[in-house]
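Structure record follows, encoded as C-alpha cells.
All of the numbers you see were taken from the coordinates with simple rules; none came from a lab. What you see is a predicted model; the values in this text were computed from it and never measured. Here Cβ is always computed from backbone atoms with ideal geometry, including for glycine, and neighbour counts include all displayed protein chains.
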Amino acid sequence: MKGLLTIALNLLLLTVILLPLRAQETNSRTLTLQQVIEIAKRQSPDALSAMHRFRSSYWQYRNYKAGLMPMLSLDATLPSLSRSIEKITTPEGDFFYERNLANYTAGLSLTKNIGLTGGQIFLNSNLQRIDLFSDSTVTSYLSSPLNIGISQPIFNYNPYKWLKKTEPMRYSEAERRYLEDVETVSITATNLFFSLLDAQIRLKIQQLNESNNDTLYRIAKGRYNIGTIAENELLQIELSLLNSRAAVESANLEVEMKTFNLRSFLRLSENENIVLIAPSSPPAPGVEAQLAIAEARENRSDALAFNRRLIEAESAVNKAKAENRFNANLFAVYGLTQTTDKLTNAYKKPQEQQRLELGIQIPILDWGYARGKIKLAQSDQELQKTAVQQEMLDFDQEVFLKVMQFNMQRNQLTIAAKSDTVAIKRYEVTKQRYLIGKIGITDLNIAQTEKDNAQQGYVSALASYWRSFYELRKLTLYDFVNKSRIIFNFDDIPDVE
C-alpha cells in the first residue's frame, strides 16, 4: 500500500512539474470563422492547388495569343561534314568518285499566322557555304538575301477562326472556376471549423454535466445518509456521474482529432492550440431566387461552358465538311538569290527567283466515308445541344433549390437559437426543483438531455446555415451581403501578368 502511495505521489509531482512546461510550449490561438476562411484561402493545400490550376490555364491562353504573333527564329548548321563514294553518270559512262565536303548554313526567318484565313506569311534570309575537299579546296556560297511568301489553304478548315471564339471563353471559364474553387475552400474551411466547434462545445457540455453530476452526487449522498432518498436513486446519480466522466474523456479525444484536421488544412503549427469563437447572427438577408439564378447565369463558369461546347460542336461539323470536299492549297514565294566563290560577292547583284504552287484535292470515290464523318459530327452536335439544354435546366433548378434551402436554414437557425435558450432555462428550473426535493432524478436527467440536445442542435443549425451560405456564393459567384459580384485581382497570383 505504501509503495502504491509513493508511486501516486511521484506521478502527481511529475504532473505538477510538466504542466507549466506544456503551457509554455503550447500557444493558444483564438479564431473566428472569418479568420479560418481567410487563412484557408491564403495557405491551405486546396487554395494552392486552385492557384496552380489557374496559372496553367493562364499560360495556355498566353500560348494561344503568342501563336498569333510574328515569330522570329534563327536556324544554323555549323557544320555538316560528309565523306562518301557516289555514282555519277556522264556521256562516257558511269563511274564512282569520292566526295568530301563541309556544308554551313544560316537562316533568319519571320513567320506570321493569319487568323482570318488560316494561312501563313513568311519572310526569310539565308546564306549557305560549301567546301569541297580534293587535291585543292573549292569554296562556294549561295545567298538568298530576301524571300517573301505565303502558304494559304483556300477551302480547308480554319482552326484559328474557331480558336478565336473558344480560347477567350475558355480563359474566362478558368477565371470563374478559380473563384468557385476559392469558394469551395471556404466551404471546406467552414465544415472543419464547425466540426471542431461542435466537438469543443460537446466537451464543455460534458465537463459542465460532470461538474453538475458531481455536485448532485455529493448532495444525494447527504440525503441518503439521513434517509430522505432511496439507495436506487443514489446509485442512479452515481451512474450518471461515471457516464459523464467517460463522456468527458471521449469528448477530449474528439477535440484532439478535429483540431488536428483543422490545423492540417490551415497548415498551422502543431504547438498552436486552437480555440474557436462561434459566429454571430446571420449576415445575409433572405435571398430572391430570380436574382440568384440571373447572377449564376451571368457569373458561373458552367454558363460560359454551355456556349463554348455548342461552338466547339459547330466547329467539328465545319471541320468534317471542309476536310471531305474540294480543297486547294496555294504556295507562292518571291525572292532574290546569288551564288559566288567569294563571300564579299554573295550579296552583289542578286537575281530574282519565283515559285508558285497550286495543289488541289478532289475526292472522287470514298464509299460514303466523307458523308459518314459529316453525319457523325452533326449527330454529335445535336447530342451536345440536347445535353446543354438539359444541363441548363438542371443548373437553374440547382440554384433555385439552394436558395430555398438557404432561406429555410435562416428560419431553422432562429428556431434552434430559441430552443437552446428555452432548454437551458428549463434545465436550471428543473435543477432547482430537484435540489428542494420537488421532483425526482428522472425528470432532471430528461431536462439535462434536452438541454444538451438543444445546444448541439443550435450548433448544427449554425453550421448548416453557414455551409449553405457559402454554397450559394459558389453557385452564383455573388456576394449577397454586399450585393455585388465576387471579384478577384488575378495579378496577385505569381507568374500571372
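What residues qualify as long-range amide H neighbours of VAL275, i.e. H under 5 Å apart, gap of 5 or more or another chain, H built at 1.01 Å from N?
When sequence neighbours closer than 5 places are left aside, the close amide H contacts are ARG29, THR30, LEU31.
I need GLU298, GLU450, GLU352 ordered by Cβ neighbour count within 10 Å, fewest first.
Exposure proxy ranking, most exposed first: GLU352, GLU298, GLU450.
What is the Cα centroid distance between region 107-173 and region 301-337, reported in whole angstrom?
Cα centroid of region 107-173 versus Cα centroid of region 301-337: 20 Å apart.
Order by neighbour count: VAL248, VAL496, fewest other Cβ atoms within 10 Å first, most last.
Arranged by neighbour count, lowest to highest, VAL248, VAL496 become VAL496, VAL248.
Excluding residues on the same chain fewer than 8 positions from LYS161, give the aspartates and glutamates whose Cα lies under 14 Å from its Cα.
GLU312, GLU314
What Kirkwood hydrodynamic radius do you get for region 362-493 when you take the inverse of the mean 1/r over all pairs of distinct Cα atoms, in Å?
Value: 20.6 Å, from the Cα pair sum.
Answer with one residue from PHE488, PHE326, SER464: the one whose Cα lies farthest towards the positive end of the charge dipole of the chain, charges on Cβ with Lys, Arg +1 and Asp, Glu -1.
So the residue furthest toward the plus end is SER464.
Read through the labelled values [x] 40.2, 142; [y] 22.1, 70; [z] 23.1, 71 and report the label of the one computed as Rg and Dmax of the Cα atoms in Å from the structure.
[x]
In µm²/s, what is D for region 337-404 at 25 °C and 0.890 mPa s, where D = kT/(6 pi eta Rh) by Stokes-Einstein and Rh is the Kirkwood radius from Cα pairs?
Stokes-Einstein gives a translational diffusion coefficient of 128 µm²/s.
Taking every pair of Cα atoms in region 196-288, average 1/r, invert it to obtain the Kirkwood radius, and report Rg/Rh to two decimals.
1.22
Using the Cα centre as the reference, give the magnitude of the dipole from point charges on the C-beta atoms of the chain (Lys, Arg: +1; Asp, Glu: -1; all else neutral), rounded to the nearest 20 debye.
780
What lysines does LYS349 reach when the alpha-carbon gap must be under 30 Å and sequence neighbours fewer than 8 apart in one chain are set aside?
LYS112
Could you name the lysines whose alpha carbon sits less than 21 Å from that of LYS402, not counting residues in the same chain fewer than 8 places away?
Those lysines meeting the cut-off are LYS474, LYS483.
Give the span of region 392-457's Cα atoms along each principal axis, as three whole-Å numbers ordered largest to smallest.
65, 16, 12
Pairs LYS221/LYS431; LYS164/LYS319; LYS321/LYS375: which exceed 19 Å Cα-Cα?
none
Mean Kyte-Doolittle of at least 0.5 and a Cα length of 24 Å or more along the axis: which whole DSSP H helices of the chain meet both?
Membrane-span-like by this criterion, though nothing is claimed about a membrane: 2-25.
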